[in-house]
Amino acid sequence: MRRVRWIQQLSMIFGVAGVVSVSGSPVRGDVSSTNPAAILVFPKVVVDTLNGTDTFVQISNTADQPVNVRCFYVNANGRCSTPPFQVCNPNGANTCERPGVCVPGWQETDFAFRLTSKQPIYWRVSVGLPNLPLANRPGPKGEFNTGSIPPSPDDPMVGELKCVQVGDDELPVDLNWLIGEAGIVEGSDTRIYNAYGIQAIEGANNRDNTLVLGQEYNGCPNLLLVSHFFDGVNLAGVLPGGGTVSTDLTLVPCSQDFNFQAPRTVVAQYLVFNEFEQRFSTSRSVTCFQEIRLSDIDTRPGAGDDVFSIFNVAVQGTFTGQTIIRGVQTSDPLRGTGLLAITEEFRAGGSDANVVHQRGLRTQPDVILLPAAQPTGL
């Protein structure tokens, strides 16, 4: 695949001229999955203990002094509209009792804790961590951990985790000390990905509960670049542990309102290129959180229509391709349309999870609204 040429084509398609922009001035941006930051984004956490699925989260303090952290679980479970109102997938086949439908959900649960110098902390999302290590006895420097981590709001549950570095008063600070990773475990299979880190800009933080990405913090990327196998490719005899491949995409908006628990909707535009550099396109809205199989983005949920999808090998005729994703910009200054994503690839030999490559700077800041700080002596 000649990806350099594809990016050159984007210059004409998206109006890229050195920096991607539509109007106004580009905001500062650099979201990393390897460098310490002030905001950590785990796009997907999932729990289903009945079926042996759980997520392990690790957050580490990289500094030589204690750090305070506020975190927010986003429970994106759908619920059936008819009794018994069971959990369902709004982006999958309808599993609700007729005439019920799956209604998307969005609910935030917040918690806070304090970590000692150079301290990692590790927990299983289904269980949480009611008693932090070093909570009852001091560490090497005489410091204590405080706070607790609740279990997942639901079981089963699928959603997102965001964490923000704060001061003793639980207001955001312009320090970049946090790094994290998550592991999704399904039976004997584990796939691990690094959390996205959004760095605070030194001297720009006004220490309130409105976090402006692109002004107080680095901004979200303008384009997400996903290299992937097309769904339905059979790698038997090609790769060890091959077989038929499918890919799930999880998208979360960078802008979120945790204060009023109001979900944000972003229209995601997709450009899909195969190995012949042929271009296909589609779009789909994302409300608060979306986990979806690639072949379901532009067809009805389920496997019945997969062979008609532009993400399927039956349409593309090549094994691999690249998809460019962009949130369509709006005129609302408080509704930035940045997106972050991970992919999960499934095949007979197991699975893996990855953050995606990024390109360009957004001209419109994204905003995260936090509930009022309630210091608890952390």
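The values are calculated or read from the model by the stated rules, or taken from the named source; none is laboratory data. For clarity, every value in this text was computed on a predicted model and none was experimentally measured. Counting neighbours? That spans all protein chains shown, and the Cβs are built from the backbone with ideal geometry, glycine included.
Go through (1) modelled with pLDDT of 95 or more; (2) within 23 Å of Val74 (Cα to Cα); (3) hydrophobic (A, V, I, L, M, F, W, C) one by one and return the number of the condition Cys288 breaks.
Condition (1) is where Cys288 drops out.
For Asp169, work out the one condition from (1) in a loop (DSSP other than H, G, I, E, B); (2) farther than 19 Å from Phe72 by Cα it doesn't fulfil.
Looking at each condition in turn, Asp169 falls short on (2).
Return only the number of the condition from (1) outside any loop (DSSP other than H, G, I, E, B); (2) buried (at least 19 other Cβ atoms within 10 Å of the Cβ); (3) touching a helix residue (DSSP H, G or I) at 6+ places or on another chain (Cβ under 9 Å) that Val307 does not satisfy.
(2)
Are any of the residues in the stretch 136-146 in contact with a strand residue (DSSP E or B) (Cβ under 6 Å, 6 or more places away or on another chain), outside any loop (DSSP other than H, G, I, E, B) and under 30 Å from Asn51 (Cα atoms)?
Scanning the stretch 136-146, I find no residue that is in contact with a strand residue (DSSP E or B) (Cβ under 6 Å, 6 or more places away or on another chain), outside any loop (DSSP other than H, G, I, E, B) and under 30 Å from Asn51 (Cα atoms), so the answer is no.
In the stretch 184-214, which residue that is outside any strand (DSSP E or B) and free of Cβ contacts under 8 Å to residues at least 60 places away in the same chain is nearest to Ala37 (Cα to Cα)?
Glu202
Checking Thr299 against (1) at pLDDT below 95; (2) over 27 Å from Ser32 (Cα atoms), only one condition comes out false. Which one?
Status for Thr299: all satisfied but (1).
When only residues in the stretch 120-132 that are free of Cβ contacts under 8 Å to residues at least 24 places away in the same chain and either buried (at least 16 other Cβ atoms within 10 Å of the Cβ) or among the polar types (S, T, N, Q) (or both) count, which is nearest to Thr49 (Cα to Cα)?
By that ranking, first place goes to Leu129.
Step by step: first the residues of the stretch 70-88, then only those that are β-branched (Val, Ile, Thr) and not in a loop (DSSP other than H, G, I, E, B), then the one that is nearest to Val45 (Cα to Cα). Which residue is that?
Val74
Considering only residues that are crowded, with 24+ Cβ neighbours inside 10 Å and under 14 Å from Pro371 (Cα atoms), which ones fall in the stretch 253-269?
The answer is Gln256, and nothing else.
Just the residues that are surrounded by 18 or more Cβ atoms within 10 Å (Cβ to Cβ) and at negative phi, please, taken from the stretch 210-224.
Leu211, Val212, Leu213, Glu216, Tyr217, Asn218, Gly219, Cys220, Pro221, Asn222, Leu223, Leu224 - these are the residues of the stretch 210-224 that are surrounded by 18 or more Cβ atoms within 10 Å (Cβ to Cβ) and at negative phi.
Looking at Leu239, Leu251, Leu225 in this structure, which one is of a type outside the set (Gly, Ala, Ser), more than 21 Å from Leu161 (Cα to Cα) and modelled with pLDDT of 95 or more?
After applying the criteria, what remains is Leu225.
Being in contact with an Asp or Glu (Cβ under 8 Å, 6 or more places away or on another chain) and of a type in the set (S, T, N, Q) is the filter; apply it to the stretch 229-252 and report the residue that is surrounded by the fewest Cβ atoms within 10 Å (Cβ to Cβ).
The qualifying residue surrounded by the fewest Cβ atoms within 10 Å (Cβ to Cβ) is Thr247.
Filter the stretch 89-129 for residues that are in a loop (DSSP other than H, G, I, E, B) and either basic (Lys, Arg) or within 19 Å of the chain's Cα centre (by Cα) (or both) and give the result.
Asn89, Pro90, Asn91, Gly92, Arg98, Pro104, Gly105, Trp106, Lys118, Val125, Ser126 - these are the residues of the stretch 89-129 that are in a loop (DSSP other than H, G, I, E, B) and either basic (Lys, Arg) or within 19 Å of the chain's Cα centre (by Cα) (or both).
Is it fair to say Phe273 is in a strand (DSSP E or B), more than 25 Å from Thr95 (Cβ to Cβ) and over 24 Å from the mean Cα position of the chain (by Cα)?
no
At pLDDT below 95 and out of contact with any Phe, Trp or Tyr (no Cβ under 8 Å at 6 or more places or on another chain) - does that describe any residue in the stretch 145-153?
no
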